[in-house]
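Q: One structure coming up, written as structure tokens, with questions to follow.
The values are calculated or read from the model by the stated rules, or taken from the named source; none is laboratory data. In this text the structure is predicted, and so the values were computed from the model without any measurement. Cβ atoms come from the backbone with ideal geometry, glycine included; neighbour counts cover every protein chain shown.
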Amino acid sequence: MTMPSHVRVVEVGARDGLQNEKTLLPVAIKIELIDRLSATGLRTIEATSFVSPKWVPQLADAAEVFAGIAKKPGVSYPVLVPNEQGYERARAVGAMEIAVFTAASEAFNRRNINASIDESIARFEPVLARAKADGVAVRGYVSTVLGCPYQGEVPLADVVRVAKRLHDLGCHEISLGDTIGVGTPGKARAMLKAVASEVPMAALAVHFHDTYGQALANILACLEEGVGVIDSAVSGTGGCPYAQGASGNVASEDVVYMLHGLGVRTGIDLDRLIDTGAWLAQQLHKDTASRVTRARTGG
């Protein structure tokens, strides 16, 4: 498989990034963040999550944020929904793309949402049915694909089974997430190849956290296998509340810099992305996790 000539970067900072940040941002700042991201050339920007505010206080304002952002033509703004109630809230403000989530690890699902893998999928099967009827696109997340904080190694067969199940249920794209950032390039490549034997590569995305500093190397290994969609978060925001020491998502700025250096097109204005990441770090009162932004701004 040869490296793709074009990669779609899925920006998850406004949802997956912010939901694990301690600094609570006001609605206006979240809207400005997404509008800034829309101006960079990104085509997919995950906007928010319609989960219970009790579980994720940072995203309690999901409806206000989604209603307030300027929807740019040609850009999709998916939102995460955990169940039918979340789906109804998302649809009430006009969401046309949603995401559902489960894990490849039984132990992680049990600790995270108090359900088995099969039970977690059964919970959102009605959501998928309604989305299909409503013409709403659905993305599926599979977390802990390269390791679990509770059970350690996660069998490849489990990752493949869960990814295939989501694809069979109607998810147009499956994002494979190394939630705690323990993966290395050889394992990332083997995992992707295994899943691609059952799910078309064109329907797969990769989602790496940079806990052990391996995210870019893992992405490169997956690019060499032909993956064409990469999740990342501007300024490297986030983490995983269930995994001790798990740092944020790989920084979008660093991913785009690497892709452009490889001659891979993204359609993204890197300078605007860097400016947005630096601005977001200021709002969060923390240093950016992006090496590229630090190098460019001296921060």
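Q: Please go through segment 9-28 and give me each residue that is crowded, with 17+ Cβ neighbours inside 10 Å and of a type outside the set (S, T, N, Q), ordered by number.
A: Once the filter is applied, which keeps residues that are crowded, with 17+ Cβ neighbours inside 10 Å and of a type outside the set (S, T, N, Q), segment 9-28 yields Val9, Val10, Glu11, Val12, Gly13, Ala14, Arg15, Asp16, Gly17, Leu18, Glu21, Leu25.
Q: May I pose another question? Which residue is modelled with the lowest pLDDT, if the candidates are limited to segment 89-117 and must be more than 19 Å from Gly177 (Cβ to Cβ) and surrounded by fewer than 16 Cβ atoms within 10 Å (Cβ to Cβ)?
A: Asn114
Q: Between a residue in segment 270-299 that is closer than 25 Å to Gln214 by Cβ and any residue that is of a type in the set (Asp, Glu) and outside any helix (DSSP H, G or I), which pairs come within a Cβ distance under 7 Å, given they are 6 or more apart or on different chains?
A: Within 7 Å, the pairs are Ala281/Asp287; Leu284/Glu21; Gly299/Asp287.
Q: From (1) on the phi < 0 side of the Ramachandran plot; (2) modelled with pLDDT of 95 or more, pick out the condition that doesn't hold for Gly135.
A: The one condition Gly135 does not meet is (1).
Q: With the requirement that a residue be part of a loop (DSSP other than H, G, I, E, B) and of a type in the set (Lys, Arg), what does segment 12-65 give you?
A: Matches in segment 12-65: Lys22, Arg43, Lys54.
Q: Name the residue that is surrounded by the fewest Cβ atoms within 10 Å (Cβ to Cβ), counting only residues in segment 145-172 that are in a helix (DSSP H, G or I) and of a type in the set (Gly, Ala, Ser).
A: Looking at the filtered set, the residue picked out is Ala157.
Q: A further question follows. Conditions first: (1) assigned to a loop (DSSP other than H, G, I, E, B); (2) at pLDDT 95 or above. Gly239 passes all but one, so which condition is the exception?
A: (2)
Q: Against the definition (surrounded by fewer than 24 Cβ atoms within 10 Å (Cβ to Cβ), in contact with a Pro (Cβ under 7 Å, 6 or more places away or on another chain) and touching a residue at least 24 places away in the same chain (Cβ under 8 Å)), how does Glu84 come out, yes or no?
A: Against the criterion (surrounded by fewer than 24 Cβ atoms within 10 Å (Cβ to Cβ), in contact with a Pro (Cβ under 7 Å, 6 or more places away or on another chain) and touching a residue at least 24 places away in the same chain (Cβ under 8 Å)), Glu84 qualifies.
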